[in-house]
Amino acid sequence: MKLLRKIRSRLGGLFCRSRRDAEMEAEMRLHLQLRTERNLAAGLSPEEARAAALQAFGGVEQLKERCRDQWGWRWLDEFARDGAYAVRMLLKSPGFAAVAIFTLALGIGVNTSMFSFFNAVIFRPVPFAAPEGLVRLYHTSPRSFGPHAPADLVDVKAQNEVFAKFAIVDLPSFSLAVPGEPAEQVNVCAVSGDYFAMLGVPPLLGRVFGPAEDQPGHDRVIVLSHQYWMRRFAGDAGIVGRTLRLDGEPMTVIGVMPEAFDYPMLWGSSDLWKPLAMNANIAKVRDGYWLQALARLKPSVSLPQAQANLDTIAGRLSREYPLTNAQSGFYLAPLVKSALDPEQRFNWMIMGLAAAVLLIACANLANLQLARNSGRAREYAIRLALGASRFRLIRQMLTESLVLSLLGGAGGVLGAWWANQALAGRLAQAFELPTFRLSVDSRVLGFALVAAVATAALFGVGPAWLASRVDVNAGLKQAGRGVTGDRSRYRLRQMLIVTELSLSLVLLAGAGYFVHGLYKLARRELGWRMDHLLTARLALPANRYGDVEKCRAFYERLNEELAAVPGVERSVVCDILPVFGFYNSRGVIAEGATAPAAGQEALADINTVTPGYFAALGMKILQGRDFTATDRPGAPAVVIVNQTLARQLWPHESPLGQRIGGPDPTHRDWLEVVGVVNEVGFNFIPLPRTHLQIYRPIAQTGGNYFSVVARTSVAPESLVGALRRAVSRVDPDQAVSRVVSAEQVLALGGSEFGILISGLLTMAVSGLLLSALGLYGVIAQLVVERTTEIGIRIALGARLRSVVWLVLRQGLRLAVVGMLLGLAGAWALARLLGSFMPGIVGQDPLVVAGCSLLLFGVTLLACWLPARRAARVDPMVALRAE
């Protein structure tokens, strides 16, 4: 409080300086009057008395400065005066000020918007107690990265020595029904008993469940999220204790979590939490991967120590279970950093590209400052001649740079706020969230302030230091247009332009890689048709559809209902459409072939389907037959394979009648091949994880989670209500979700790529624009400095073409050097991006060539405009100016 009072007092004194100065001058006049009166009393004349008083009093102005020093915080007073002078100088050069502020607003705005996104996703504190101790656990293998098998997590929980709490998470879909209302599909987090205790957030209403309630038979309780409580129950405080039906089973609401507990960046928006009651059979599964895991480290354990302990457990499991755990491991990441990229490489790359835009802006501003300082050389020489120190001159120029940066930073914050409004809606759609907030909070404002100050230093120090080295004699002799800078200043300006152009080419190439890669991905032949397809997701309650026969009866009845709907040509059921890839995969070997080493089997993606699936999706049966109604439980287990698998396993013989089995030698589970179909590609995967694909009849495998697919002769969107009514006729309590066309699924899945491309294109265009402005400014200033020379050349008979080439040559030489350096950066960026998205981004000579031509064309235009002006110089005017 004392410090605040002192600051307020000093600031008050600063703003009341005129009053203090008046009081000081009045006091000095009083002292002079008293001394003069004493001299008069001593017999001196009035003139002599005043002269003697002034001589005894000393220098008035020096005394005033000493008095001001006694007030304290003189630096703040001087900074205010420097700032006021900087504002006056910028008002005298409105063109320079406008270009500089726009340049800074663009550079700082792009970076502030990117920081806003990472602030919301990564840097924002997670709404849990002591978040620094929370980690997320991933399963790793040469084939996958992400979810875990239940048995692996059971072993990790029992064998680890580093976790104080350990929670297992499943993300199933359930149907929730309120008495008197239709059922709806809800997003459920099924969590083990340590989940809430580990996160340490108390409920808003009621209580949460613990380890005693995650056991089978004791798990009939649920906890609601705040957003679902408000949306479905309008914030009714009496919800605690009510009974709802989850998949037909009665569940008691025991609590409601606070709004801050909702953290959708982990695994989407959750409507409610229920205990994860794994039975003994599920807990033994090692070849299915669908569970997530969180943990809290013990207070004395670091992340590397915990990782080492998990590596030991992974090695032990690999030796004990070679068929399922060979070459498998675990990867730990801090929870707050696991929302986007657990290894943080992609996040830092995006921030690095945004920083490149700011570096281009800084180089641009430094060039503008160098050009402006060249025209102010006479002013600087006069100030030095009058006794100003180089430090005083540098301080004044840095203050001008800081004022520009603060104004540009304010514009950047406004631009970032506008961009965030547009970006937030697209992010909510991409992450399937009700809302997504990209707020400009205190942390974002702090980042913008730091960026502005750092930018002022980056583009201000070099020009200020060079300007302070002005030759006083040469500066005083110049007439007013300015003198050409010394060689160091000229070299610095060239180096800045080369840097701008090289960074601009890197940004252009990065955006070009993505755009061209996704264009090729969208244009390739996928092997199936997505037009006129209506899809929906269903989750059959396990308590009512617990066996294969009941599930089969539901599928067949639903297909019959949909076939009777006008406009529906064919209806089928499958695990999933081939948009994002298939859910499951398994190792396969051919009967009679030599078994490979454990973990080295050929990996095939699996989709389970009903008869007619291939015709509905426009696929071709190349050999054999489709599934039929006879392929049901009790009949021989059959499979249809794609052409690539058939060629790999049976290169010289027909695959029909052959059998394939699983990797376990004691339980091969042989399947007879009855057909071969064409290979399908996935829309958002450049190639399938493997070219090998197999299809099983859903009647033989069962499954409670599936997609309904209807091929229509009318617009699919017009049959959404008809599909919902068909499901209701089969089972009135069955909820249905995501009833959309296949093209809408594609659009939703591509929204994340669209956001990425929009951001990269924004950065690329910003960098290109700033580079062009910087090059134009340098060449234009060069024309001004060489006006006399150009006038003499024209007067001596030089042709206009040679004058234009004289100017173009200097700019194009810089452009060529910058592009050569940029090509090296573009090559390195392609390798980096290719490691993140193989098959989408890679070395692409056409993209690099196109970006180089675009940059060269823009630089040619930026050089040609000043060159044309140089060719129009009037020799007489130029010579008179000299």
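The values are calculated or read from the model by the stated rules, or taken from the named source; none is laboratory data. Please read these numbers as outputs of a predicted model, since none were measured by experiment. Don't worry about glycine lacking a Cβ; one is built from the backbone with ideal geometry, like all the others, and counts go over all protein chains shown. Just the protein is used for accessible areas: all its heavy atoms, side chains included, with ligands, DNA and RNA removed. Shrake-Rupley method; radii C 1.70, N 1.55, O 1.52, S 1.80 Å.
Summed over segment 638-659, the residues that are within 13 Å of GLY675 (Cα to Cα) and touching a residue at least 60 places away in the same chain (Cβ under 8 Å) give a count of 3. So in segment 286-309, with the set limited to residues that are farther than 24 Å from PHE582 by Cβ and touching a helix residue (DSSP H, G or I) at 6+ places or on another chain (Cβ under 7 Å), which one is most open to solvent (accessible area, probe 1.4 Å)? Only one residue tops the list, namely ARG296. Note on segment 333-348: residues that are at pLDDT 70 or above and open to solvent by 10 Å² or more (accessible area, probe 1.4 Å) total 3.
Entry remark, segment 160-190: residues being part of a loop (DSSP other than H, G, I, E, B) and modelled with pLDDT under 90 number 8 in total. The residues of segment 706-733 that are out of contact with any Cys (no Cβ under 8 Å at 6 or more places or on another chain), modelled with pLDDT of 80 or more and not in a helix (DSSP H, G or I), listed by number, are VAL708, ALA710, ARG711, THR712, SER713, VAL714, ALA715, ASP731. Against the conditions (1) crowded, with 23+ Cβ neighbours inside 10 Å; (2) under 19 Å from SER707 (Cα atoms), LEU645 satisfies every one except (2). Residue count for segment 130-159, restricted to those that are open to solvent by 30 Å² or more (accessible area, probe 1.4 Å) and in a helix (DSSP H, G or I): 6. Restricted to segment 191-273, the set of strands (runs of 3 or more DSSP E) holding at least 2 residues that are open to solvent by 10 Å² or more (accessible area, probe 1.4 Å), of a type outside the set (Asp, Glu) and over 17 Å from ALA167 (Cα atoms) comprises 243-246, 249-256.
Count of segment 544-585 residues, restricted to those that are modelled with pLDDT of 85 or more, out of contact with any strand residue (DSSP E or B) (no Cβ under 6 Å at 6 or more places or on another chain) and of a type in the set (Asp, Glu), is 3.
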